[in-house]
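A.B. asks: Please read through the structure below; I'll follow up with questions.
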Amino acid sequence: MAEKPQPVRVLYCGVCGLPAEYCEFGPDFDKCKPWLRQNAPHLYPDLLNDAKEKDVDKAAEQLQAVGISGAGDGGGEGSSANSGSTSGSKQEEVKRLPGGKIKKKEKQEVVIEKIVRNKRKCVTVVKGLELFGIKLSDASKKLGKKFATGASVVKGPTDKEQIDVQGDIAYDIVEFLTETWPDVPESAIFFIEDGRKVAAA
Amino acid sequence: MFKKFSFEDISAQNQVKASVQRKIRQSIADEYPGLEPLLDDLLPKKSPLIVAKCQNHLNLVVMNNVPLFFNVRDGPYMPTLRLLHQYPDIMKKFQVDRGAIKFVLAGANIMCPGLTSPGGALNDEVLEETPVAIMAEGKEHALAIGFTKLPAKDIRTVNKGIGVDNMHYLNDGLWKMERLE
Ligand SMILES: [Zn+2]
């Protein structure tokens, strides 16, 4: 019997969550710096020297200010002013990543997916109506009535609520949605087909 | 593969039958003999094993809400980086030079020159279509899980283009999905 290896303990950064040695390549190295100085000075000796050369307190204060403004009211002023001294272009590059992701999440769209259960039974899953200010319980009732089938609000894999409608109604549903809720444009409705997102319009 | 991965990409989560669980355990043990003594802890026979099916024929092997392995279609199982960090010696290792780190962390596939330059390293035993840990020059821990396109020897001689597909890397969607709940 082979010996049971012991798990390695990896020092993960308390700010960005990466192994601390990768903070320098992480989404916001400046934000990690105060934590690293406290918890992983051996990994970034330059960070300590830098801080010593300048006024330690001042530097810490500055960094803290960045941390707060970044996390709180999103004041880009502090961070951009500070980043100028380190490496402006690099910062810009990483910033875009989280920005792009956030945008995508907030995008108002309805996603419809047909899930086949057994051979002939299927369920049409409608996600995202709540993003248009539609009450899901209401919508579920209306869908059930219109298509004379069972419809219920259920928690999806992400804990996000979605509407499951029994039966394949994928193709009639677009018209019904846009007529019932004029706030939902056809262009915001998508189907999942073979794992790909396809616009309904 | 996990660049934009999130909970929404999981289409179904099912507890698998005992026979399937055995099969999964066996293929993991075959691929990573170093993990064998740990499998009773990682994938206890008595605990329910969940397979989460995701877009693009991707499967996650989940125990106690923690994703531990993934595979594509019927391909080999690969550990998540969090698991690999705990047991770094279960996989064969390649190393990229420092210059390649930021590209790998942006999701790019691994180009041969990044592995053959002075900061890089190859394990010549590795053949094509094999899972490997991607380490980095000057770093202790893996930054990605790769799947080789070429045998290590060809990566050395060809020395251009993509040598290893980047399957999973630090801060991608799977990395951020520490737990499934
Ligand atoms: Zn960090």
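The values are calculated or read from the model by the stated rules, or taken from the named source; none is laboratory data. Nothing here was measured: the structure is a model prediction, and the numbers come from that model. Here the Cβ is made from the backbone with ideal geometry for all residues, glycine too, and neighbour counts use every protein chain on show. The accessibility values were calculated without ligands, DNA or RNA, using every heavy atom of the protein model including side chains. Shrake-Rupley method; radii C 1.70, N 1.55, O 1.52, S 1.80 Å.
A.B. asks: From the list B:102, B:139, B:176, exactly one residue is within 22 Å of residue A:26 (Cα to Cα), basic (Lys, Arg) and touching an Asp or Glu at 6+ places or on another chain (Cβ under 6 Å). Which is it? Give the steps one after another, and end with the answer.
C.D. replies: Numbers: B:102 fails: touching an Asp or Glu at 6+ places or on another chain (Cβ under 6 Å); B:176 fails: touching an Asp or Glu at 6+ places or on another chain (Cβ under 6 Å).
When all the criteria are applied, what remains is B:139.
A.B. asks: Filter region B:39-65 down to residues that are surrounded by fewer than 17 Cβ atoms within 10 Å (Cβ to Cβ) and touching a residue at least 60 places away in the same chain (Cβ under 8 Å), then give me how many there are.
C.D. replies: 1
A.B. asks: Sticking with this one: Looking only at region A:174-192, count how many residues are part of a loop (DSSP other than H, G, I, E, B) and either open to solvent by 80 Å² or more (accessible area, probe 1.4 Å) or in contact with a Ser or Thr (Cβ under 8 Å, 6 or more places away or on another chain) (or both). Talk me through it step by step, then tell me what you get.
C.D. replies: Residues of region A:174-192 that are part of a loop (DSSP other than H, G, I, E, B), as a first pass: A:181-185.
Filter again for either open to solvent by 80 Å² or more (accessible area, probe 1.4 Å) or in contact with a Ser or Thr (Cβ under 8 Å, 6 or more places away or on another chain) (or both), leaving A:182-185.
Residues that pass the stated criteria total 4.
A.B. asks: Considering region A:1-39 alone, what residues qualify as being within 9 Å of the ligand (Cβ to nearest atom) and away from every other protein chain (no Cβ under 12 Å)?
C.D. replies: Within region A:1-39, A:14, A:15, A:31, A:32, A:33, A:35, A:36 qualify.
A.B. asks: Restricting attention to region B:36-66, report how many residues are in contact with a Pro (Cβ under 8 Å, 6 or more places away or on another chain), within 18 Å of residue B:89 (Cα to Cα) and hydrophobic (A, V, I, L, M, F, W, C).
C.D. replies: So the count comes out to 1.
A.B. asks: Then there's this: I need every pair where a residue in region A:24-42 that is assigned to a loop (DSSP other than H, G, I, E, B) has its Cβ under 9 Å from the Cβ of a residue that is more than 9 Å from the ligand (Cβ to nearest atom) and open to solvent by 40 Å² or more (accessible area, probe 1.4 Å), sequence separation at least 6 or different chains.
C.D. replies: A:27/A:95; A:27/A:97; A:27/A:98; A:28/A:95; A:28/A:98; A:40/A:11; A:41/A:48
A.B. asks: Can you work out which of the residues in region A:152-168 that are open to solvent by less than 30 Å² (accessible area, probe 1.4 Å) and modelled with pLDDT of 80 or more is farthest from residue B:9 (Cα to Cα)?
C.D. replies: The initial filter retains those residues of region A:152-168 that are open to solvent by less than 30 Å² (accessible area, probe 1.4 Å), namely A:156, A:162-165, A:167.
Next cut, modelled with pLDDT of 80 or more only: A:162-165, A:167.
Values: A:162: 14, A:163: 17, A:164: 17, A:165: 20, A:167: 22 Å.
Only one residue tops the list, namely A:167.
A.B. asks: Would you mind stating whether residue B:164 is more than 10 Å from chain A (Cβ to nearest Cβ) and under 11 Å from the mean Cα position of the chain (by Cα)?
C.D. replies: Working: more than 10 Å from chain A (Cβ to nearest Cβ): yes; under 11 Å from the mean Cα position of the chain (by Cα): no.
In short, no.
A.B. asks: From the list B:19, B:11, exactly one residue is within 14 Å of another protein chain (Cβ to nearest Cβ) and among the hydroxyl-bearing types (Ser, Thr, Tyr). Which is it?
C.D. replies: On the way: B:19 fails: within 14 Å of another protein chain (Cβ to nearest Cβ).
None of the other options fit; the residue is B:11.
A.B. asks: Could I ask something else about it? Which of the residues belonging to region B:22-38 are facing another protein chain (nearest Cβ under 8 Å) and open to solvent by 100 Å² or more (accessible area, probe 1.4 Å)? Walk me through how you get there before you give the answer.
C.D. replies: We begin by selecting, within region B:22-38, every residue facing another protein chain (nearest Cβ under 8 Å); these are B:33-34, B:36-38.
Listed by number, the list holds a single entry, B:36.
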